[in-house]
1. If you find the alpha carbon centre of segment 1-48 and of segment 160-187, how far apart are they in angstrom?
2. With Rg and the Kirkwood Rh both taken from Cα atoms, where does Rg over Rh land for segment 43-93?
3. What FRET efficiency would be calculated for the residue pair Thr227, Thr80, taking the C-beta separation as r and a Förster radius of 35 Å, to the nearest 0.05?
4. What distance in nm lies between label points placed 7 Å from Cα along the C-beta direction at Asn28 and Thr50?
5. Can you find, among Leu41, Ser188, Phe204, the residue sitting farthest towards the positive end of the charge dipole of the chain, where Lys and Arg contribute +1 and Asp and Glu -1 at Cβ?
6. Can you sort Trp73, Trp34, Trp12 by how many other beta carbons sit within 10 Å, fewest first?
7. Expressed as a rounded percentage, what relative contact order does the chain have, with Cα pairs under 8 Å and six or more residues apart?
8. What percentage of all Cα-Cα pairs in the chain are separated by more than 27 Å?
Amino acid sequence: MQPYFLPYIGYWQLLHAVDRFVVYDDVNYIKGGWINRNRILVDGRPAYLTVPVRKASSNRKINEHLLQPGRGWREKMCKTLEHNYRKAPYFEETFALFVDLIASETESLAPFLVRQIHLLSAHLGIDTEIVTSSERGYGNTHLRGQERVLDICVQEGCEVYVNAIGGRELYSSDRFQALGLELRFLESGMAPYAQPGVQGFVPFLSILDVLMNLGRAGARKRLPEFTLI
């Protein structure tokens with residue numbers, strides 16, 4: 001999976017479900033996607049929290065992108081989070097974590113995101129092995145889409161490949177079976193939880209919303225709430 005900025009609970013359920021997680025950082029950046037942004041509640045409605053990226057381009061790889069310099073955007077994020085979640089039951093615990101998550105002074109987007117994956121995994125008690133495709137050096141950048149994923153699976157010696165439910169349109173189980181691999185998809189089924197100031201429930205927000213409202217222990221209990229199909 002590509003590295004995303006503070007992704008929703010399903011990303012962490014996927015991490016929790018597997019033995020090894022390959023952070024796919026040497027594929028093309030997706031403008032307008034989830035790599036550098038996610039949603040939180042602002043005045044009770046979903047709104048983006050966005051990491052500014054210099055000259056973002058879908059024609060360059062994720063690990064070729066740089067963050068905007070300076071601490072201004074980090075400070076703005078902190079103020080936004082504090083203003084909208086200071087009354088949440090686990091604000092202090094989660095806000096301290098968030099400050100640490102964005103504190104990295106690296107100029108490179110990929111290490112910034114990979115560090116968050118490691119820190120949040122530890123916070124959630126996920127002990128899955130995490131590797132990055134660029135550091136692994138698969139030598140398969142000439143391949144595209146499913147064929148490159150298949151080659152990574154073969155090189156990693158895996159038996160089962162698990163992807164998020166949104167990947168069902170991208171992969172062929174027959175192609176995986178031809179190489180002796182099982183293809184599975186994870187469907188997140190997390191039950192609603194209380195979100196102060198919201199009528200009803202807004203699902204699939206950043207993991208920050210889960211942590212603010214359920215805390216570390218509560219979020220951990222929700223990791224098994226998925227189905228593999």
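1. Cα centroid to Cα centroid, the span is 19 Å.
2. Values: Rg = 14.6 Å, Rh = 13.3 Å.
So for segment 43-93, dividing Rg by the Kirkwood Rh gives 1.10.
3. FRET efficiency, Thr227 to Thr80: 0.55.
4. 2.1
5. Leu41
6. Numbers: Trp73 15, Trp34 18, Trp12 24.
So the residues, fewest neighbours to most, are Trp73, Trp34, Trp12.
7. On the way: 336 pairs, mean separation 68.8, N = 229.
Worked out over the chain, it gives 30 percent.
8. Values: 9019 of 26106 pairs.
Cα-Cα pairs of the chain separated by over 27 Å account for 35 percent.
FYI, it's all coordinate maths here, none of it is from the lab. Keep in mind that what you see is a predicted model, and the values were worked out from it rather than measured. Neighbour counts are summed over all protein chains in view; Cβ atoms, including those assigned to glycine, are modelled from backbone coordinates with ideal geometry.
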